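> Here it is: the structure, laid out below.
The values are calculated or read from the model by the stated rules, or taken from the named source; none is laboratory data. Note that the coordinates shown come from a computational prediction; the quantities given were computed from them, not determined experimentally. As a convention, Cβ positions derive from the backbone with ideal geometry for all residues, glycine included, and neighbour counts pool all protein chains shown. Just the protein is used for accessible areas: all its heavy atoms, side chains included, with ligands, DNA and RNA removed. Shrake-Rupley method; radii C 1.70, N 1.55, O 1.52, S 1.80 Å.
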Amino acid sequence: TTLLFSKWSIFKSIVNDKKKLFILFISGFLIFINWGVWIYAVSQDKIIDASFGYFIMPIISVLLGYIFFKEVLNKKRIFSILLVAISILYLLIVNFKSLPWVGLTVAFSWAFYNLVRKKINVDTDIGLLIESLFILPFALITFYFIASKGYNDFQLKDPSMMLFIYLAGPMTVIPLFLYVRGVELCGLGPSGMIFYITPTLQFLLGFFYYDEVFSFNKLVSFIIIWFAVIIYLRDLYETN
């Protein structure tokens, strides 16, 4: 009871703070974009493209951590950032007719979401609750259009599919809660690098399970990014 009363008091204080409420609206909108693009990527066989975004996101977070929170950025970490920039430029140059917008949207929306959440400094669970309330109208509108076009799979005649869709909620929110908490405790850089487990598994899933096309140009870009990751992780290990 004491805990619930404390959380309710925090919730009311944030609701009455227009500045924090607006910032949480921005963070909620960013995570809505991130989730929306990711769902699009899965449905359109672009999981590898999305994993590219999640690969470059932590390096972007390192840069944002340096700019906004004065987190340590030595020569090796600067070199990692430059390698990521080179990988992006390489894809843009060799595929100048096709902007890798899925990966870039995933990367920048997630990186700036992390930045905003760390900047506002509110309780992780309360922040997620308010963000979810902001996202709810957009989700309902999206669901209306999905149902009106006959694409709704959440139906009583298919209980197993209903269960999978239902489980998608906690399987999304719980990792998000833990990750945001990690950002609050240890900073954008270290938590971002731990996040590399996610895009690695996404890449393997897209390539080996869904047989998505993986061109030579993407391979070159990924190799550059993996070098950046190795350099940063090695430096992180040595400094700690």
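> Within region 18-31, count every residue that is within 19 Å of T105 (Cβ to Cβ), open to solvent by less than 60 Å² (accessible area, probe 1.4 Å) and of a type outside the set (S, T, N, Q).
Final tally of qualifying residues: 3.
> Can you go through V15, V42, V72, V62 and tell me which one is surrounded by fewer than 18 Cβ atoms within 10 Å (Cβ to Cβ) and touching a Ser or Thr at 6+ places or on another chain (Cβ under 8 Å)?
From the options V15, V42, V72, V62, the qualifying one is V72.
> Identify the residue in region 1-36 that is part of a helix (DSSP H, G or I) and among the β-branched types (V, I, T) and, among all such residues, is farthest from Y179 (Cα to Cα).
Looking at the filtered set, the residue picked out is T2.
> Looking at (1) open to solvent by 30 Å² or more (accessible area, probe 1.4 Å); (2) assigned to a helix (DSSP H, G or I); (3) of a type in the set (D, E), which is the one condition that is false for E131?
All conditions are met except number (1).
> Right, next: Tell me which of these D49 doesn't satisfy, since it passes every other one: (1) in a helix (DSSP H, G or I); (2) closer than 15 Å to V183 by Cβ; (3) among the acidic types (D, E).
Only one criterion in (1) in a helix (DSSP H, G or I); (2) closer than 15 Å to V183 by Cβ; (3) among the acidic types (D, E) is unmet by D49, namely (2).
> Can you pull out every residue in region 75-84 that is open to solvent by 10 Å² or more (accessible area, probe 1.4 Å) and either under 17 Å from W110 (Cβ atoms) or at pLDDT 85 or above (or both)?
Passing the criteria: K75, K76, I78, F79, I81, L82, L83.
> Moving on to the next point. Could you list, in sequence order, all residues of region 227-237 that are open to solvent by 50 Å² or more (accessible area, probe 1.4 Å) and touching a residue at least 40 places away in the same chain (Cβ under 8 Å)?
F227, L233, R234
> In addition: Go through (1) crowded, with 18+ Cβ neighbours inside 10 Å; (2) under 25 Å from R117 (Cβ atoms) for G36 and report which single condition fails.
Failing condition for G36: (1).
> Something else about it: Which one of these does I26 not meet: (1) under 17 Å from I225 (Cα atoms); (2) out of contact with any Lys or Arg (no Cβ under 9 Å at 6 or more places or on another chain)?
(1) is the only condition that I26 fails.
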